[in-house]
Amino acid sequence: MDTILILDFGSQYTQLIARRIRDLGVYTEIKPGETRLDEDVLRGVRGIVLSGSPFSVYETGAPSPDPAVYSCGLPVLGICYGAQLMTQDFGGKVQALPEEEYGRIPVRLVETDPLFNGISGEFQSWMSHGDSIETVARGFRVVALTDSGIPAAIVHESLPLHGVQFHPEVTHCDHGTLILENFALNICVCEKSWTMTHYVERERAIIRERVGSAPVLLLISGGVDSTVAGALLLTCLPKEQVHLMYIDTGLMRTSESDEVMCTLHSLGATHVHRVDAQDEFLSALAGVNEPEEKRHIIGDLFIRVQEKAENSLGLGDYFLAQGTLYTDLIESGKGVGKKAHVIKSHHNVRSPLVERKRAEGRIIEPLDRLYKDEVRELGRELGVAEKVVRRHPFPGPGLGVRVLGEVTKEKCDVLRAADDEFLRQLRTRDLYDRIWQAFCVLLPVRSVGVAGDVRTYGWTVALRAVASSDGMTADVYEFDMKDLLEISAAITNRVKAVGRVVYDVSSKPPATIEWE
Ligand code: XMP
(Lines give C-alpha, C1' and ligand atoms only; values in the text may rest on other atoms or scores of the structure.)
Protein backbone atom coordinates (compact mmCIF):
# COMPACT_ATOMS: atom_id res chain seq x y z
CA MET A 1 0.00 0.00 0.00
CA ASP A 2 1.23 3.50 -0.83
CA THR A 3 2.67 4.93 2.38
CA ILE A 4 4.00 8.22 3.65
CA LEU A 5 6.74 7.53 6.17
CA ILE A 6 6.99 10.05 9.00
CA LEU A 7 10.35 10.21 10.70
CA ASP A 8 9.70 11.44 14.22
CA PHE A 9 12.23 13.62 16.00
CA GLY A 10 10.03 14.11 19.09
CA SER A 11 7.57 16.77 17.94
CA GLN A 12 4.33 17.21 19.86
CA TYR A 13 2.62 17.33 16.44
CA THR A 14 3.92 14.08 14.89
CA GLN A 15 0.67 12.23 15.53
CA LEU A 16 -1.23 15.09 13.92
CA ILE A 17 0.82 14.83 10.72
CA ALA A 18 -0.01 11.13 10.55
CA ARG A 19 -3.71 11.71 11.23
CA ARG A 20 -4.09 14.53 8.71
CA ILE A 21 -2.49 12.54 5.90
CA ARG A 22 -4.55 9.45 6.74
CA ASP A 23 -7.64 11.65 6.55
CA LEU A 24 -6.68 12.26 2.92
CA GLY A 25 -6.91 8.50 2.33
CA VAL A 26 -3.16 7.85 2.37
CA TYR A 27 -1.60 5.39 4.83
CA THR A 28 1.08 6.77 7.16
CA GLU A 29 3.66 5.08 9.37
CA ILE A 30 5.60 6.84 12.13
CA LYS A 31 9.12 5.63 12.82
CA PRO A 32 11.91 6.96 15.03
CA GLY A 33 13.78 9.78 13.28
CA GLU A 34 17.06 7.89 13.16
CA THR A 35 15.63 4.69 11.63
CA ARG A 36 17.90 3.15 8.98
CA LEU A 37 16.13 3.48 5.65
CA ASP A 38 16.66 -0.02 4.33
CA GLU A 39 14.61 -1.87 1.76
CA ASP A 40 12.19 -3.23 4.38
CA VAL A 41 11.45 0.17 5.86
CA LEU A 42 10.99 1.76 2.45
CA ARG A 43 8.65 -0.91 1.08
CA GLY A 44 5.54 0.88 -0.21
CA VAL A 45 6.88 4.30 0.86
CA ARG A 46 6.14 7.03 -1.69
CA GLY A 47 7.30 10.02 0.35
CA ILE A 48 8.91 10.95 3.65
CA VAL A 49 8.05 13.64 6.20
CA LEU A 50 10.68 14.86 8.65
CA SER A 51 8.87 16.02 11.80
CA GLY A 52 9.55 18.89 14.16
CA SER A 53 11.53 18.41 17.36
CA PRO A 54 12.21 19.95 20.77
CA PHE A 55 15.91 19.91 19.76
CA SER A 56 17.92 22.49 17.81
CA VAL A 57 19.68 21.00 14.77
CA TYR A 58 23.03 22.49 15.85
CA GLU A 59 22.81 21.07 19.41
CA THR A 60 25.02 18.15 20.45
CA GLY A 61 22.97 14.98 20.47
CA ALA A 62 20.31 16.41 18.16
CA PRO A 63 18.69 13.52 16.25
CA SER A 64 19.28 13.30 12.51
CA PRO A 65 17.95 11.03 9.75
CA ASP A 66 19.77 8.38 7.78
CA PRO A 67 21.51 10.39 4.96
CA ALA A 68 19.77 8.03 2.53
CA VAL A 69 16.70 10.16 3.05
CA TYR A 70 18.17 12.69 0.57
CA SER A 71 19.55 10.19 -1.91
CA CYS A 72 16.77 7.60 -2.11
CA GLY A 73 14.94 9.67 -4.71
CA LEU A 74 11.70 9.89 -2.71
CA PRO A 75 10.02 13.28 -2.17
CA VAL A 76 10.74 14.66 1.32
CA LEU A 77 8.81 17.28 3.27
CA GLY A 78 10.70 18.74 6.22
CA ILE A 79 8.47 20.43 8.76
CA CYS A 80 10.07 23.00 11.12
CA TYR A 81 13.06 21.05 12.53
CA GLY A 82 12.83 18.89 9.39
CA ALA A 83 13.32 21.95 7.14
CA GLN A 84 16.18 23.11 9.35
CA LEU A 85 17.81 19.66 9.16
CA MET A 86 17.78 19.87 5.35
CA THR A 87 19.26 23.34 5.52
CA GLN A 88 22.08 22.27 7.82
CA ASP A 89 22.73 19.00 5.97
CA PHE A 90 23.12 20.88 2.64
CA GLY A 91 25.49 23.49 4.07
CA GLY A 92 23.08 26.28 5.07
CA LYS A 93 22.88 27.86 8.50
CA VAL A 94 20.26 27.61 11.24
CA GLN A 95 20.32 29.86 14.27
CA ALA A 96 18.25 30.79 17.32
CA LEU A 97 15.69 33.55 16.94
CA PRO A 98 15.96 36.46 19.38
CA GLU A 99 12.43 35.53 20.47
CA GLU A 100 10.55 32.27 19.94
CA GLU A 101 7.62 32.49 17.51
CA TYR A 102 4.33 30.81 18.39
CA GLY A 103 0.89 30.92 16.88
CA ARG A 104 -0.60 32.37 13.74
CA ILE A 105 2.01 34.19 11.67
CA PRO A 106 1.39 35.63 8.17
CA VAL A 107 3.39 34.06 5.38
CA ARG A 108 3.78 35.41 1.82
CA LEU A 109 4.34 33.21 -1.22
CA VAL A 110 7.13 34.71 -3.34
CA GLU A 111 7.43 31.93 -5.91
CA THR A 112 5.24 29.14 -7.19
CA ASP A 113 5.77 25.49 -6.40
CA PRO A 114 3.57 22.36 -6.66
CA LEU A 115 3.57 22.21 -2.84
CA PHE A 116 1.48 25.39 -2.84
CA ASN A 117 -0.83 24.62 -5.79
CA GLY A 118 -4.16 26.36 -5.26
CA ILE A 119 -2.69 28.93 -2.85
CA SER A 120 -1.55 32.44 -3.67
CA GLY A 121 -0.46 35.63 -1.94
CA GLU A 122 -0.47 35.79 1.84
CA PHE A 123 -1.96 33.31 4.34
CA GLN A 124 -1.88 32.71 8.08
CA SER A 125 0.50 29.92 8.99
CA TRP A 126 1.00 28.24 12.38
CA MET A 127 4.51 28.57 13.80
CA SER A 128 6.08 27.04 16.88
CA HIS A 129 9.83 27.51 16.73
CA GLY A 130 12.82 29.00 18.50
CA ASP A 131 15.28 28.55 15.56
CA SER A 132 15.09 29.67 11.98
CA ILE A 133 16.94 29.35 8.69
CA GLU A 134 19.61 32.08 8.62
CA THR A 135 21.33 31.09 5.37
CA VAL A 136 19.49 29.01 2.80
CA ALA A 137 21.56 26.02 1.65
CA ARG A 138 23.03 25.95 -1.84
CA GLY A 139 20.60 24.39 -4.34
CA PHE A 140 17.51 25.55 -2.46
CA ARG A 141 15.25 28.48 -3.31
CA VAL A 142 12.93 30.35 -0.97
CA VAL A 143 9.28 29.98 -1.89
CA ALA A 144 7.65 31.77 1.04
CA LEU A 145 8.71 34.37 3.58
CA THR A 146 7.36 35.79 6.82
CA ASP A 147 6.90 39.57 7.30
CA SER A 148 10.24 39.68 9.08
CA GLY A 149 11.95 38.05 6.09
CA ILE A 150 12.45 34.61 7.61
CA PRO A 151 12.27 31.77 5.03
CA ALA A 152 8.94 30.04 5.62
CA ALA A 153 9.25 27.52 2.77
CA ILE A 154 12.23 26.22 0.80
CA VAL A 155 12.42 23.90 -2.20
CA HIS A 156 15.45 22.25 -3.81
CA GLU A 157 16.09 23.16 -7.44
CA SER A 158 16.72 19.62 -8.68
CA LEU A 159 16.00 17.14 -5.84
CA PRO A 160 12.43 16.46 -4.58
CA LEU A 161 13.12 18.17 -1.24
CA HIS A 162 10.68 20.60 0.36
CA GLY A 163 10.83 22.35 3.71
CA VAL A 164 8.32 24.46 5.61
CA GLN A 165 9.07 26.38 8.78
CA PHE A 166 5.39 26.33 9.81
CA HIS A 167 3.10 23.44 10.76
CA PRO A 168 0.57 22.57 8.01
CA GLU A 169 -0.71 19.71 10.20
CA VAL A 170 -2.15 22.12 12.78
CA THR A 171 -5.78 23.02 12.00
CA HIS A 172 -5.11 26.71 12.73
CA CYS A 173 -2.76 26.85 9.73
CA ASP A 174 -4.60 28.19 6.65
CA HIS A 175 -4.38 25.79 3.67
CA GLY A 176 -2.57 23.23 5.87
CA THR A 177 -4.62 20.32 4.54
CA LEU A 178 -4.14 21.49 0.95
CA ILE A 179 -0.36 21.67 1.43
CA LEU A 180 -0.29 18.10 2.82
CA GLU A 181 -2.59 17.00 -0.01
CA ASN A 182 -0.32 18.61 -2.61
CA PHE A 183 2.60 16.75 -1.07
CA ALA A 184 1.01 13.33 -0.61
CA LEU A 185 -1.21 13.13 -3.68
CA ASN A 186 0.47 15.34 -6.30
CA ILE A 187 4.16 15.31 -5.45
CA CYS A 188 4.42 11.77 -4.00
CA VAL A 189 1.61 10.54 -6.30
CA CYS A 190 0.15 8.31 -3.58
CA GLU A 191 -2.98 6.36 -4.32
CA LYS A 192 -5.84 6.96 -1.89
CA SER A 193 -5.84 3.34 -0.78
CA TRP A 194 -6.28 3.85 2.96
CA THR A 195 -9.94 3.00 3.47
CA MET A 196 -11.52 0.92 6.21
CA THR A 197 -12.86 -1.53 3.64
CA HIS A 198 -9.33 -2.07 2.36
CA TYR A 199 -7.99 -2.38 5.91
CA VAL A 200 -10.60 -4.95 6.90
CA GLU A 201 -9.95 -7.11 3.86
CA ARG A 202 -6.21 -7.05 4.45
CA GLU A 203 -6.46 -7.79 8.18
CA ARG A 204 -8.89 -10.63 7.59
CA ALA A 205 -6.50 -12.27 5.15
CA ILE A 206 -3.57 -11.84 7.56
CA ILE A 207 -5.52 -13.23 10.53
CA ARG A 208 -6.76 -16.26 8.58
CA GLU A 209 -3.29 -17.07 7.36
CA ARG A 210 -1.61 -16.69 10.76
CA VAL A 211 -4.23 -18.46 12.83
CA GLY A 212 -5.15 -21.36 10.58
CA SER A 213 -7.52 -23.55 12.54
CA ALA A 214 -6.14 -22.72 16.02
CA PRO A 215 -8.51 -21.23 18.60
CA VAL A 216 -8.24 -17.51 19.32
CA LEU A 217 -8.87 -16.05 22.76
CA LEU A 218 -9.74 -12.37 23.01
CA LEU A 219 -9.86 -10.58 26.34
CA ILE A 220 -12.87 -8.30 26.36
CA SER A 221 -12.95 -5.22 28.60
CA GLY A 222 -16.28 -3.92 27.33
CA GLY A 223 -14.60 -0.89 25.74
CA VAL A 224 -14.65 0.09 22.08
CA ASP A 225 -11.27 -1.38 21.15
CA SER A 226 -11.73 -4.94 22.38
CA THR A 227 -15.32 -5.02 21.11
CA VAL A 228 -14.27 -3.95 17.62
CA ALA A 229 -11.38 -6.46 17.67
CA GLY A 230 -13.97 -9.11 18.59
CA ALA A 231 -16.25 -8.04 15.75
CA LEU A 232 -13.36 -8.29 13.30
CA LEU A 233 -12.41 -11.81 14.47
CA LEU A 234 -16.02 -12.95 14.33
CA THR A 235 -16.34 -11.82 10.72
CA CYS A 236 -13.22 -13.54 9.49
CA LEU A 237 -13.01 -16.83 11.39
CA PRO A 238 -15.56 -19.58 12.05
CA LYS A 239 -17.43 -18.55 15.23
CA GLU A 240 -16.42 -21.73 17.12
CA GLN A 241 -12.79 -20.70 16.75
CA VAL A 242 -13.29 -17.38 18.57
CA HIS A 243 -13.34 -17.40 22.38
CA LEU A 244 -14.18 -14.16 24.17
CA MET A 245 -13.36 -13.81 27.85
CA TYR A 246 -14.83 -11.10 30.05
CA ILE A 247 -14.02 -10.70 33.73
CA ASP A 248 -16.82 -9.17 35.79
CA THR A 249 -15.01 -7.42 38.64
CA GLY A 250 -18.14 -5.95 40.24
CA LEU A 251 -16.52 -2.57 39.60
CA MET A 252 -18.50 -1.94 36.43
CA ARG A 253 -21.36 0.50 35.91
CA THR A 254 -25.11 -0.19 35.98
CA SER A 255 -26.01 -3.14 33.70
CA GLU A 256 -22.64 -2.77 31.99
CA SER A 257 -21.64 -6.44 32.16
CA ASP A 258 -25.03 -7.56 30.82
CA GLU A 259 -24.79 -5.02 28.02
CA VAL A 260 -21.31 -6.29 27.10
CA MET A 261 -22.75 -9.82 26.86
CA CYS A 262 -25.63 -8.59 24.68
CA THR A 263 -23.22 -6.78 22.36
CA LEU A 264 -21.04 -9.86 21.96
CA HIS A 265 -24.00 -12.11 21.26
CA SER A 266 -25.40 -9.59 18.79
CA LEU A 267 -22.10 -9.84 16.92
CA GLY A 268 -22.65 -13.56 16.61
CA ALA A 269 -20.26 -14.76 19.35
CA THR A 270 -20.98 -18.30 20.49
CA HIS A 271 -18.07 -18.93 22.89
CA VAL A 272 -18.37 -16.13 25.44
CA HIS A 273 -16.79 -16.85 28.82
CA ARG A 274 -18.10 -14.50 31.52
CA VAL A 275 -16.02 -14.88 34.65
CA ASP A 276 -17.85 -13.71 37.76
CA ALA A 277 -15.18 -12.43 40.16
CA GLN A 278 -17.22 -9.75 41.92
CA ASP A 279 -16.88 -11.21 45.43
CA GLU A 280 -13.16 -11.81 45.02
CA PHE A 281 -12.52 -8.18 44.04
CA LEU A 282 -14.70 -6.69 46.76
CA SER A 283 -13.17 -8.87 49.50
CA ALA A 284 -9.65 -8.04 48.33
CA LEU A 285 -10.46 -4.34 48.52
CA ALA A 286 -12.08 -4.45 51.97
CA GLY A 287 -10.43 -2.03 54.40
CA VAL A 288 -8.05 -0.59 51.77
CA ASN A 289 -8.03 3.21 51.42
CA GLU A 290 -4.85 4.15 49.61
CA PRO A 291 -5.30 4.70 45.80
CA GLU A 292 -2.08 3.05 44.65
CA GLU A 293 -2.66 0.05 46.93
CA LYS A 294 -6.16 -0.30 45.49
CA ARG A 295 -4.80 -0.13 41.92
CA HIS A 296 -2.21 -2.81 42.70
CA ILE A 297 -4.72 -5.11 44.34
CA ILE A 298 -7.09 -4.79 41.39
CA GLY A 299 -4.29 -5.26 38.83
CA ASP A 300 -2.80 -8.30 40.59
CA LEU A 301 -6.14 -9.96 41.16
CA PHE A 302 -7.09 -9.35 37.55
CA ILE A 303 -4.01 -11.27 36.47
CA ARG A 304 -4.72 -14.17 38.86
CA VAL A 305 -8.35 -14.46 37.78
CA GLN A 306 -7.33 -14.25 34.13
CA GLU A 307 -4.73 -17.02 34.51
CA LYS A 308 -7.16 -19.29 36.36
CA ALA A 309 -9.90 -18.76 33.79
CA GLU A 310 -7.50 -19.31 30.90
CA ASN A 311 -6.31 -22.61 32.42
CA SER A 312 -9.84 -23.82 32.86
CA LEU A 313 -10.67 -23.18 29.20
CA GLY A 314 -8.05 -25.73 28.05
CA LEU A 315 -7.69 -24.19 24.59
CA GLY A 316 -4.34 -25.86 23.86
CA ASP A 317 -2.00 -24.02 21.53
CA TYR A 318 -4.17 -20.97 20.92
CA PHE A 319 -3.58 -17.39 19.75
CA LEU A 320 -4.25 -14.48 22.10
CA ALA A 321 -5.90 -11.44 20.51
CA GLN A 322 -5.80 -7.93 21.93
CA GLY A 323 -7.42 -4.62 20.95
CA THR A 324 -4.10 -2.73 21.04
CA LEU A 325 -4.18 0.57 19.11
CA TYR A 326 -1.45 2.43 17.24
CA THR A 327 -1.30 5.00 20.04
CA ASP A 328 -0.82 2.21 22.64
CA LEU A 329 2.24 1.02 20.72
CA ILE A 330 3.56 4.54 20.51
CA GLU A 331 2.98 5.21 24.22
CA SER A 332 4.83 2.04 25.13
CA GLY A 333 7.79 3.27 23.06
CA LYS A 334 7.53 0.69 20.27
CA GLY A 335 6.55 3.14 17.57
CA VAL A 336 8.71 6.20 17.82
CA GLY A 337 11.86 7.84 19.10
CA LYS A 338 12.79 7.30 22.72
CA LYS A 339 12.97 11.00 23.43
CA ALA A 340 9.43 11.76 22.41
CA HIS A 341 6.74 10.29 24.59
CA VAL A 342 5.83 9.72 28.20
CA ILE A 343 4.67 6.24 29.14
CA LYS A 344 1.49 5.97 31.21
CA SER A 345 2.58 2.66 32.69
CA HIS A 346 -0.01 2.55 35.47
CA HIS A 347 -2.76 2.47 32.89
CA ASN A 348 -1.86 -0.89 31.44
CA VAL A 349 -1.77 -4.08 33.41
CA ARG A 350 1.36 -5.95 32.32
CA SER A 351 -0.26 -9.31 32.18
CA PRO A 352 2.10 -12.32 32.27
CA LEU A 353 -0.35 -14.09 29.99
CA VAL A 354 0.10 -11.40 27.32
CA GLU A 355 3.88 -11.35 27.82
CA ARG A 356 4.04 -15.14 27.52
CA LYS A 357 1.95 -15.26 24.36
CA ARG A 358 4.02 -12.44 22.87
CA ALA A 359 7.22 -14.37 23.56
CA GLU A 360 5.67 -17.43 21.88
CA GLY A 361 4.80 -15.28 18.85
CA ARG A 362 1.14 -16.20 19.30
CA ILE A 363 -0.41 -12.81 19.75
CA ILE A 364 -2.58 -10.98 17.22
CA GLU A 365 -3.35 -7.30 17.47
CA PRO A 366 -5.52 -6.48 14.45
CA LEU A 367 -6.05 -2.83 15.38
CA ASP A 368 -2.45 -1.94 16.04
CA ARG A 369 -2.18 0.37 13.04
CA LEU A 370 -5.35 2.30 13.80
CA TYR A 371 -6.13 5.47 15.72
CA LYS A 372 -9.14 5.61 18.04
CA ASP A 373 -11.40 7.39 15.58
CA GLU A 374 -10.46 4.89 12.87
CA VAL A 375 -11.39 2.05 15.25
CA ARG A 376 -14.77 3.72 15.70
CA GLU A 377 -15.19 3.91 11.92
CA LEU A 378 -14.19 0.26 11.61
CA GLY A 379 -16.67 -0.67 14.36
CA ARG A 380 -19.47 1.00 12.42
CA GLU A 381 -18.44 -0.83 9.27
CA LEU A 382 -18.56 -4.14 11.15
CA GLY A 383 -22.02 -3.44 12.54
CA VAL A 384 -21.09 -2.61 16.15
CA ALA A 385 -23.91 -0.54 17.70
CA GLU A 386 -23.44 3.25 17.64
CA LYS A 387 -23.85 3.42 21.43
CA VAL A 388 -20.86 1.10 21.88
CA VAL A 389 -18.78 2.79 19.18
CA ARG A 390 -19.21 6.21 20.82
CA ARG A 391 -18.65 5.07 24.38
CA HIS A 392 -16.48 7.29 26.56
CA PRO A 393 -13.26 5.72 27.87
CA PHE A 394 -13.56 3.76 31.11
CA PRO A 395 -10.50 2.94 33.24
CA GLY A 396 -9.32 -0.65 33.78
CA PRO A 397 -9.79 -0.50 37.59
CA GLY A 398 -13.35 0.76 37.02
CA LEU A 399 -15.32 2.09 39.95
CA GLY A 400 -12.44 0.97 42.18
CA VAL A 401 -10.79 4.32 41.47
CA ARG A 402 -14.03 6.29 41.43
CA VAL A 403 -15.22 5.31 44.92
CA LEU A 404 -12.64 7.31 46.84
CA GLY A 405 -11.18 5.58 49.88
CA GLU A 406 -12.48 2.14 50.86
CA VAL A 407 -14.56 0.40 48.19
CA THR A 408 -17.71 -1.43 49.34
CA LYS A 409 -20.63 -2.87 47.40
CA GLU A 410 -22.99 -0.32 48.99
CA LYS A 411 -20.82 2.60 47.88
CA CYS A 412 -20.45 1.10 44.38
CA ASP A 413 -24.25 0.85 44.19
CA VAL A 414 -24.69 4.52 45.14
CA LEU A 415 -22.07 5.56 42.60
CA ARG A 416 -23.60 3.34 39.90
CA ALA A 417 -27.04 4.95 40.40
CA ALA A 418 -25.64 8.51 40.33
CA ASP A 419 -23.42 7.83 37.31
CA ASP A 420 -26.27 6.19 35.44
CA GLU A 421 -28.44 9.27 35.99
CA PHE A 422 -25.61 11.64 35.01
CA LEU A 423 -24.98 9.84 31.72
CA ARG A 424 -28.72 9.53 31.02
CA GLN A 425 -29.07 13.29 31.51
CA LEU A 426 -26.16 13.97 29.16
CA ARG A 427 -27.67 11.75 26.47
CA THR A 428 -31.11 13.34 26.84
CA ARG A 429 -29.55 16.78 26.52
CA ASP A 430 -27.46 15.78 23.48
CA LEU A 431 -24.29 16.50 25.41
CA TYR A 432 -22.79 13.01 25.66
CA ASP A 433 -21.06 13.11 22.26
CA ARG A 434 -19.74 16.61 22.81
CA ILE A 435 -17.87 15.55 25.93
CA TRP A 436 -14.77 13.41 25.73
CA GLN A 437 -15.32 11.68 29.07
CA ALA A 438 -17.91 12.13 31.80
CA PHE A 439 -18.53 10.27 35.02
CA CYS A 440 -19.35 10.58 38.73
CA VAL A 441 -16.96 10.16 41.62
CA LEU A 442 -18.16 9.17 45.09
CA LEU A 443 -16.35 11.27 47.66
CA PRO A 444 -15.67 9.88 51.13
CA VAL A 445 -17.64 12.79 52.54
CA ARG A 446 -21.16 12.91 53.92
CA SER A 447 -22.96 16.14 54.52
CA VAL A 448 -26.10 17.42 56.17
CA GLY A 449 -29.15 18.26 54.08
CA VAL A 450 -32.89 18.50 54.32
CA ALA A 451 -35.58 16.56 52.45
CA GLY A 452 -39.14 17.57 53.29
CA ASP A 453 -38.84 18.33 56.99
CA VAL A 454 -36.35 15.63 57.62
CA ARG A 455 -32.63 16.01 58.22
CA THR A 456 -30.52 13.95 55.81
CA TYR A 457 -26.89 12.92 55.96
CA GLY A 458 -26.06 11.83 52.42
CA TRP A 459 -23.05 11.10 50.27
CA THR A 460 -21.33 13.71 48.13
CA VAL A 461 -20.94 13.04 44.42
CA ALA A 462 -18.51 14.96 42.20
CA LEU A 463 -19.32 15.28 38.50
CA ARG A 464 -16.38 15.10 36.11
CA ALA A 465 -16.72 16.09 32.43
CA VAL A 466 -13.75 16.92 30.24
CA ALA A 467 -12.90 17.99 26.73
CA SER A 468 -9.80 16.25 25.41
CA SER A 469 -8.43 14.58 22.32
CA ASP A 470 -6.38 11.80 23.86
CA GLY A 471 -6.70 11.98 27.64
CA MET A 472 -3.11 13.23 28.02
CA THR A 473 -4.35 16.75 28.69
CA ALA A 474 -7.92 17.82 29.37
CA ASP A 475 -10.02 20.94 29.79
CA VAL A 476 -13.07 21.19 31.99
CA TYR A 477 -16.25 20.89 29.91
CA GLU A 478 -18.09 24.21 30.13
CA PHE A 479 -21.69 23.31 30.91
CA ASP A 480 -24.50 25.82 30.74
CA MET A 481 -25.27 26.52 34.38
CA LYS A 482 -28.92 25.58 33.74
CA ASP A 483 -27.90 22.08 32.60
CA LEU A 484 -25.61 21.67 35.57
CA LEU A 485 -28.30 22.67 38.07
CA GLU A 486 -30.89 20.40 36.49
CA ILE A 487 -28.47 17.47 36.38
CA SER A 488 -27.61 18.01 40.05
CA ALA A 489 -31.33 18.09 40.98
CA ALA A 490 -32.02 14.94 38.94
CA ILE A 491 -29.27 13.06 40.76
CA THR A 492 -30.30 14.11 44.28
CA ASN A 493 -33.97 13.45 43.49
CA ARG A 494 -33.44 9.99 42.06
CA VAL A 495 -30.57 8.77 44.21
CA LYS A 496 -31.71 9.26 47.79
CA ALA A 497 -28.36 8.31 49.30
CA VAL A 498 -26.74 11.33 47.59
CA GLY A 499 -27.21 14.60 49.49
CA ARG A 500 -24.88 16.90 47.60
CA VAL A 501 -23.44 17.26 44.08
CA VAL A 502 -20.31 19.26 43.23
CA TYR A 503 -18.68 19.96 39.85
CA ASP A 504 -14.96 19.35 39.40
CA VAL A 505 -13.52 22.41 37.63
CA SER A 506 -9.89 21.23 37.43
CA SER A 507 -8.08 20.82 34.14
CA LYS A 508 -5.36 18.23 33.47
CA PRO A 509 -2.67 19.21 34.30
CA PRO A 510 -2.43 19.88 37.20
CA ALA A 511 -5.25 17.43 38.09
CA THR A 512 -5.69 14.07 36.37
CA ILE A 513 -8.99 13.03 34.80
CA GLU A 514 -9.66 10.30 37.36
CA TRP A 515 -9.44 11.23 41.02
CA GLU A 516 -7.34 8.25 42.09
P1 XMP B 1 -5.81 10.15 34.12
O2 XMP B 1 -6.63 9.90 35.34
O3 XMP B 1 -4.43 9.60 34.20
O4 XMP B 1 -6.56 9.34 32.97
O5 XMP B 1 -5.83 11.59 33.71
C6 XMP B 1 -6.39 9.53 31.59
C7 XMP B 1 -7.32 8.56 30.86
O8 XMP B 1 -6.95 7.20 31.16
C9 XMP B 1 -8.02 6.53 31.81
N10 XMP B 1 -7.41 5.71 32.88
C11 XMP B 1 -7.17 4.40 32.76
N12 XMP B 1 -7.42 3.53 31.76
N13 XMP B 1 -6.50 1.77 33.05
C14 XMP B 1 -7.10 2.22 31.91
O15 XMP B 1 -7.36 1.41 31.01
C16 XMP B 1 -6.20 2.58 34.10
O17 XMP B 1 -5.65 2.16 35.11
C18 XMP B 1 -6.57 3.97 33.95
N19 XMP B 1 -6.44 5.05 34.76
C20 XMP B 1 -6.96 6.12 34.07
C21 XMP B 1 -8.92 7.62 32.36
O22 XMP B 1 -10.25 7.16 32.53
C23 XMP B 1 -8.78 8.67 31.29
O24 XMP B 1 -9.57 8.36 30.18
Given the stretch 118-160 reduced to its alpha-carbon atoms as identical point scatterers, what log10 I(q)/I(0) does the Debye formula return at q = 0.15, 0.28 Å⁻¹?
-0.43, -1.15
Global size of the stretch 156-196 as Cα Rg and Dmax, reported in angstrom
12.0, 38
How would you rank 229-235, 318-324, highest first, on the average number of other Cβ atoms within 10 Å across their residues?
229-235, 318-324
Carbon plus sulfur fraction of accessible area for the chain, probe 1.4 Å, in percent
50
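Could you tell me which of the pairs LYS294/LYS387; LYS31/LYS372; LYS294/LYS496; LYS308/LYS357 are separated by over 25 angstrom between their Cα atoms in the structure shown?
Check vs 25 Å cut-off fails for LYS294/LYS387; LYS294/LYS496.
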Over the chain, with the other protein chains present, what is the accessible area per residue in square angstrom, probe 1.4 angstrom?
44
Per-residue accessible area, 1.4 Å probe, largest first, puts TRP436, TRP194 in the order TRP436, TRP194
Stokes-Einstein D in µm²/s, Kirkwood radius over Cα pairs - the stretch 402-503 at 37 °C with 0.692 mPa s viscosity:
232
Once phi is turned into ³J(HN,Hα) by the Karplus curve 6.51 cos²θ - 1.76 cosθ + 1.60 with θ = phi - 60°, what whole-Hz value does each residue of the stretch 217-233 show in order, with x for glycine and proline?
10, 10, 8, 9, 9, x, x, 4, 4, 5, 5, 5, 4, x, 4, 5, 4
Treating only the Cα positions of the stretch 196-389 as identical point scatterers, give the base-10 log of I(q)/I(0) from the Debye formula at each q in 0.12, 0.16 Å⁻¹.
-0.62, -1.12
How large is the charge dipole for the stretch 1-135, taken about the Cα centre, if only the Cβ atoms of Lys, Arg (+1) and Asp, Glu (-1) carry charge, to the nearest 20 debye?
360
Per DSSP, loop GluC sites (Glu not before Pro) in the stretch 354-413 with at most 16 further Cβ within 10 Å:
GLU406
Phi angles of the stretch 398-404, converted by Karplus (6.51 cos²θ - 1.76 cosθ + 1.60, θ = phi - 60°) into ³J(HN,Hα) in whole Hz with x for Gly and Pro, give x, 5, x, 9, 10, 8, 6
Expressed in whole Å with the largest first, what are the equivalent ellipsoid semi-axes of the stretch 111-210 derived from the C-alpha gyration tensor as the square root of 5 times each eigenvalue?
34, 15, 13
If every alpha-carbon in the chain counts as one equal scatterer, what log10 I(q)/I(0) does Debye give at q = 0.07, 0.09, 0.10, 0.13 1/Å?
-0.48, -0.76, -0.90, -1.24
Taking the convex hull of the alpha-carbon atoms of the stretch 193-233 and averaging its shadow over every direction gives an area in square nanometres of 3.3
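Answer rounded, prolate or oblate for the stretch 3-187, using the Cα gyration tensor with square roots of eigenvalues a ≥ b ≥ c: rounded when a/c is under 1.5, else prolate when a/b is larger than b/c, else oblate.
Since a/c stays below 1.5, the shape of the stretch 3-187 is classed as rounded.
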Treating only Lys and Arg (+1) and Asp and Glu (-1) as charged, each at its beta carbon, one finds that the chain has a dipole about its Cα centre, in Debye to the nearest 20, of 880
Starting at the first residue of the stretch 167-183, write each ³J(HN,Hα) from the Karplus equation 6.51 cos²θ - 1.76 cosθ + 1.60 with θ = phi - 60°, in whole Hz, x for Gly and Pro.
10, x, 6, 7, 4, 6, 8, 4, 6, x, 5, 5, 4, 5, 5, 4, 5
Kirkwood-Stokes translational diffusion coefficient of the stretch 165-292, alpha-carbon pairs, 4 °C, 1.567 mPa s, µm²/s
70
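The values are calculated or read from the model by the stated rules, or taken from the named source; none is laboratory data. Note that this is a predicted model, so its numbers are computed, not measured. All Cβ positions, even for glycine, are placed from backbone atoms using ideal geometry, and neighbour counts span all protein chains on display. In case anyone asks, the SASA skips ligands and DNA or RNA and just uses the protein heavy atoms, side chains included. Shrake-Rupley method; radii C 1.70, N 1.55, O 1.52, S 1.80 Å.
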